[in-house]
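Participant: Right, I'll just put the structure down here and ask away after.
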Amino acid sequence: MPRKSPPITEAWRGLTFTRRALLVGGGQMVVGGALAARMAYISIVDNDRYVLESESNRVNLTLIPPRRGWIVDRGGKALANNRVSLRIDLIPDRLHNREMVLGQLRTLLRLDGDAMERINRDLKAASGFQPVAVAEDVAEADYASVLVRLPDLPGVAPQRGFARNYPTGAAVGHLIGYVGAPNAEEYQKAKDPLYITPGYKIGKDGLEKYFQEMLKGKPGARRVEVTARGRVVRDLDTQPDVQGKTVHLTIDADLQDYVARRMGRESGAAVVIDCRNGDILSFVSMPSFDPNSFSDGISNSEYAWLRADDHQPLINKATRGLYPPGSTLKPIAAVAAMEHGVDPGEKHTCIGGYRLGNRFFRCLGTHGTIDMPTAIEKSCNSYFYWLAHRLGYDAIAPTARLFGLGEEYQLAGSNQRYGTVPDSAWKMRRYDQKWTASDSLNAVIGQGYVLTNPLQLAVMTARLASGRALYPRLVNRPFDTKPLPFAAEHLAVARSGMDRVVNAAGTAVRSRLPLDGITMAGKTGTAQVRGLGTGNGKNGTWKFRDHGLFIGFAPVDNPRYATAVVIEHGMGGSRAAAPVAKDFMTFLFDREKAMEALDTFEAGWGGTIKERMDRDYAAWKSGASSDPDPEVPQ
């Protein structure tokens, strides 16, 4: 028979209930204890972390980009400074209705398709509270229209800051360089949160890049209390930024602006040097770009326009342009010849050229029987062919180097191509060929293998005028300017010939200074362009015309200023380069007279540099059919 279960009594029920109650109660006590322990851990051990997280939800900390230091000229006049800039940013984590907000901003700020594409791209790449720039340099009215709608625009963050400003625009483009927002590569290298702060710019080129550490300053910070939706409740604390240091240059800002404007629509470069100490007073390459465009964020179309210009506004021709120096090299060849025993009074008869074997090297004219100063005055090729054939170019090349040709200078912020001063050893290294007599004849008149940049030509002229090994400088750095190892009387002969070029019956008589008691010495030059094809370099397509060069110094009796001017495809130094030098040399002694001449020129050219650039860009843009993917530098 099956065993019967014991009867359920009241005592048994009580015992069973008590066991279950103890089990449930024990479990509750364990869970409660665990919760209490966790709460204690959070409130005591992790207190600081959760307070910080809570604070970060309530308080927003924003870096304030520092104001860059100024770049000023020798008298303290600003070449690069800062201006107030209004901007609109987006905070991705607070952008709750992206399409609505972007649509409103597009309407309020009149953003075009390129701007919207860029904003959407930046939003995809951004995260958290990293701001994304919508627009910079917003007009006051547009800025106010966004401010009044802020409650309906979650995630929008208006900011008032500073932007880089270049008062003379394109006149200092290749001198100062420009600033721009850091790219991803620069951020990875620096690992600085300031690099992803909207409105922060770093030097990208020229002196802005070279002096970045001096100019950048120290950031400030702003703490504000915000709601869960990111709306600012109140300011809590602000730590001001520290502006960067000021960089003082040797440049004369007024002269720099004048030279750039006087270049007009020409393509070329001009450098002016103080003959007393090597200070660079003007350093111009035209046409140029407006660094304000890069500072504000240049558009693809504007960059494409600059790249499409055959006058190459993005190339610094003062140090990156290489040109045969042409006849500007003749005074140096004269000094070298005298140092090797040639009497400057010894005469040679020019019959319109010089015969070397079965080749006839032509001269610019038939000058008859002439001495050395007259050969410089008349720019007689035949006379210098005779010297080169007699001495060989190995006797002349070392002198050219002592005058600064073929040298790379320790010049702040510059990227140089330093050309060639050839000789027999150079040709053997380069081409594994022997130097020939015809090579000497070509080189002595600044053709053949000889290449220089405009800065080198200006240094050469300053050294010839001063008799000292002046070293070019843009900042006040000490250099040893010892006397050149040439006889004073030999330098005087070369200077005398250059004086006659301008003030007697030479090749630049039309460029005499219109000043009483102040004269300029100079030397013109014409550099043939390789591969002319058809034509003689004096007409036809612009890019096949000869370059025009001029070197000069003033006053003749006590040189203070030296200069070199190169006009690309100007068809001759006396025609294109010397008149430019005449006007800005006049500016150094009589500004009012020089400005009268400039005003007349600009009226004929169609306005100032900025007016012409704006008009040319608008015309190009209206005719541009598509964006050629210009790869705008980031």
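The values are calculated or read from the model by the stated rules, or taken from the named source; none is laboratory data. Small disclaimer: the values here were computed from a predicted structure and weren't measured. Note that we place each Cβ from the backbone using ideal geometry, even for glycine, and neighbour counts take in every protein chain shown. Just the protein is used for accessible areas: all its heavy atoms, side chains included, with ligands, DNA and RNA removed. Shrake-Rupley method; radii C 1.70, N 1.55, O 1.52, S 1.80 Å.
Participant: Anything in the stretch 47-71 that is part of a strand (DSSP E or B) and either among the charged types (D, E, K, R) or modelled with pLDDT of 95 or more (or both)? List them, or say none. Steps first, answer last, please.
Facilitator: Filtering the stretch 47-71 for residues part of a strand (DSSP E or B) gives 59-64, 71.
Once the filter is applied, which keeps residues that are part of a strand (DSSP E or B) and either among the charged types (D, E, K, R) or modelled with pLDDT of 95 or more (or both), the stretch 47-71 yields only I71.
Participant: Further, regarding this structure: Using the structure shown, decide if S288 is farther than 30 Å from M498 by Cα, of a type in the set (S, T, Y), open to solvent by less than 10 Å² (accessible area, probe 1.4 Å) and touching a His at 6+ places or on another chain (Cβ under 8 Å).
Facilitator: Numbers: farther than 30 Å from M498 by Cα: yes; of a type in the set (S, T, Y): yes; open to solvent by less than 10 Å² (accessible area, probe 1.4 Å): yes; touching a His at 6+ places or on another chain (Cβ under 8 Å): yes.
Judged against the criteria, S288 is a match.
Participant: Next question, about the same structure. Out of the helices (runs of 4 or more DSSP H) lying entirely within the stretch 138-222, which hold 2 or more residues that are of a type in the set (V, I, T) and in contact with a His (Cβ under 8 Å, 6 or more places away or on another chain)? Even if it seems obvious, please write down each step before you answer.
Facilitator: Details: elements: 140-147, 173-176, 184-190, 206-210, 212-215.
Qualifying helices (runs of 4 or more DSSP H): none found.
Participant: Inside the stretch 390-411, can you point out the residues that are over 42 Å from the mean Cα position of the chain (by Cα) and surrounded by fewer than 18 Cβ atoms within 10 Å (Cβ to Cβ)?
Facilitator: Once the filter is applied, which keeps residues that are over 42 Å from the mean Cα position of the chain (by Cα) and surrounded by fewer than 18 Cβ atoms within 10 Å (Cβ to Cβ), the stretch 390-411 yields only R390.
Participant: In the stretch 417-424, is there at least one residue being within 32 Å of the chain's Cα centre (by Cα), open to solvent by 10 Å² or more (accessible area, probe 1.4 Å) and of a type in the set (F, W, Y)?
Facilitator: In the first step, residues of the stretch 417-424 are kept if they are within 32 Å of the chain's Cα centre (by Cα); the result is 417-422.
From what's left, open to solvent by 10 Å² or more (accessible area, probe 1.4 Å): 417-421.
The next check asks that each one be of a type in the set (F, W, Y); those that pass are 418.
Scanning the stretch 417-424 turns up at least one residue that is within 32 Å of the chain's Cα centre (by Cα), open to solvent by 10 Å² or more (accessible area, probe 1.4 Å) and of a type in the set (F, W, Y).
Participant: Give the residues of the stretch 177-223 that are without any contact (Cβ under 8 Å) to a residue 24 or more places away in the chain and of a type in the set (S, T, N, Q), sorted by residue number.
Facilitator: Result: Q188, Q212.
Condition check ((1) under 30 Å from K245 (Cβ atoms); (2) touching a strand residue (DSSP E or B) at 6+ places or on another chain (Cβ under 8 Å); (3) loosely packed, with under 14 Cβ neighbours inside 10 Å) across all residues:
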| residue | (1), (2), (3) |
| --- | --- |
| D89 | yes, yes, no |
| L102 | no, no, no |
| R106 | no, no, no |
| R110 | no, no, yes |
| A115 | no, yes, no |
| L123 | no, yes, no |
| E140 | no, yes, yes |
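Participant: Please verify whether A375 is touching a strand residue (DSSP E or B) at 6+ places or on another chain (Cβ under 9 Å) and either touching a residue at least 24 places away in the same chain (Cβ under 8 Å) or among the basic types (K, R) (or both), treating the condition exactly as stated.
Facilitator: Yes: the conditions hold for A375.
Participant: If V632 meets every condition in (1) loosely packed, with under 14 Cβ neighbours inside 10 Å; (2) modelled with pLDDT under 95; (3) in a loop (DSSP other than H, G, I, E, B) apart from one, which number is that one?
Facilitator: (1)
Participant: Sticking with this one: Given the conditions (1) in a helix (DSSP H, G or I); (2) at pLDDT 95 or above; (3) hydroxyl-bearing (S, T, Y), which single one is not true for T250?
Facilitator: Going through the list (1) in a helix (DSSP H, G or I); (2) at pLDDT 95 or above; (3) hydroxyl-bearing (S, T, Y), T250 breaks only (1).
Participant: May I ask you to list the residues in the stretch 538-559 that are under 30 Å from D274 (Cα atoms) and of a type outside the set (F, W, Y)?
Facilitator: D546, H547, G548, L549, I551, G552, A554, P555, V556, D557, N558, P559
Participant: Is it true that some residue in the stretch 252-273 is surrounded by fewer than 17 Cβ atoms within 10 Å (Cβ to Cβ), hydrophobic (A, V, I, L, M, F, W, C) and closer than 23 Å to S414 by Cα?
Facilitator: no
Participant: Output the residue which, of all residues in the stretch 601-628 that are of a type in the set (K, R) and open to solvent by 90 Å² or more (accessible area, probe 1.4 Å), is modelled with the lowest pLDDT.
Facilitator: Per the stated criteria, the residue is K621.
Participant: Taking the stretch 379-389 only, how many residues are part of a helix (DSSP H, G or I), in contact (Cβ under 8 Å) with a residue 40 or more places away in the chain and buried (at least 24 other Cβ atoms within 10 Å of the Cβ)?
Facilitator: Residues in the stretch 379-389 being part of a helix (DSSP H, G or I), in contact (Cβ under 8 Å) with a residue 40 or more places away in the chain and buried (at least 24 other Cβ atoms within 10 Å of the Cβ): 5 in total.
Participant: Could you tell me which residue of the stretch 147-156 is nearest to N97 (Cα to Cα), considering only residues that are open to solvent by 60 Å² or more (accessible area, probe 1.4 Å) and of a type outside the set (K, R)?
Facilitator: As a first pass, look at the stretch 147-156 and keep what is open to solvent by 60 Å² or more (accessible area, probe 1.4 Å): 147-149, 151-152.
Adding the requirement that they be of a type outside the set (K, R) leaves 147-148, 151-152.
On the way: L147: 18, V148: 18, P151: 13, D152: 10 Å.
Looking at the filtered set, the residue picked out is D152.
So that you can scan it fast, the table gives a plain yes or no per residue for (1) closer than 27 Å to I567 by Cα; (2) part of a helix (DSSP H, G or I); (3) of a type in the set (D, E, K, R):
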| site | (1), (2), (3) |
| --- | --- |
| M428 | no, yes, no |
| S438 | no, yes, no |
| L441 | yes, yes, no |
| L455 | yes, yes, no |
| M460 | yes, yes, no |
| L470 | yes, no, no |
| D480 | no, no, yes |
| E489 | no, yes, yes |
| M498 | yes, yes, no |
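Participant: Does any residue of the stretch 379-390 turn out to be farther than 28 Å from G268 by Cβ, of a type in the set (K, R) and modelled with pLDDT of 95 or more?
Facilitator: There is at least one residue in the stretch 379-390 that is farther than 28 Å from G268 by Cβ, of a type in the set (K, R) and modelled with pLDDT of 95 or more.
Participant: Further question: Which of the residues belonging to the stretch 390-419 are out of contact with any helix residue (DSSP H, G or I) (no Cβ under 8 Å at 6 or more places or on another chain) and of a type in the set (S, T, N, Q)?
Facilitator: Scanning the stretch 390-419 gives a single hit, Q410.
Participant: Please go through the stretch 500-517 and give me each residue that is in a helix (DSSP H, G or I) and under 15 Å from G548 (Cβ atoms), ordered by number.
Facilitator: Scanning the stretch 500-517 gives V501, R510, S511.
Participant: While we're looking at this one, here's another question. When you check G220 against the structure, is it open to solvent by less than 20 Å² (accessible area, probe 1.4 Å), under 15 Å from the mean Cα position of the chain (by Cα) and either farther than 18 Å from A78 by Cβ or of a type outside the set (K, R) (or both), yes or no?
Facilitator: Here the answer is no, as G220 does not meet what is asked.
Participant: Another question, then. Out of all the residues in the stretch 297-321, which are touching a Phe, Trp or Tyr at 6+ places or on another chain (Cβ under 7 Å), in a helix (DSSP H, G or I) and open to solvent by less than 20 Å² (accessible area, probe 1.4 Å)?
Facilitator: Passing the criteria: L306, A318.
Participant: Among what's in the stretch 104-137 and is in a loop (DSSP other than H, G, I, E, B) and among the small types (G, A, S), pick the residue that is nearest to D93 (Cα to Cα).
Facilitator: Taking the candidates together, the pick is G128.
Participant: Condition first: within 23 Å of the chain's Cα centre (by Cα) and either open to solvent by 50 Å² or more (accessible area, probe 1.4 Å) or modelled with pLDDT under 85 (or both). Now tell me which residues in the stretch 157-185 satisfy that.
Facilitator: At the first step, the residues of the stretch 157-185 found to be within 23 Å of the chain's Cα centre (by Cα) are 162-185.
The answer is F162, P167, T168, A181, N183, A184, E185.
Participant: Now for a different question. Restricting to the stretch 271-306, name every residue that is in contact with a strand residue (DSSP E or B) (Cβ under 9 Å, 6 or more places away or on another chain) and over 30 Å from M585 (Cβ atoms).
Facilitator: Within the stretch 271-306, S293, F294, S295, D296, G297, I298 qualify.
Participant: Condition test on G570, is it at negative phi, of a type in the set (G, A, S) and outside any helix (DSSP H, G or I)?
Facilitator: yes
Participant: In the stretch 72-100, how many residues are assigned to a helix (DSSP H, G or I) and in contact (Cβ under 8 Å) with a residue 12 or more places away in the chain? Outline the logic, then answer.
Facilitator: Applying the first criterion (assigned to a helix (DSSP H, G or I)) to the stretch 72-100 yields 92-94, 98-100.
Now narrow it down to the ones that are in contact (Cβ under 8 Å) with a residue 12 or more places away in the chain: 92-94, 98.
So the count comes out to 4.
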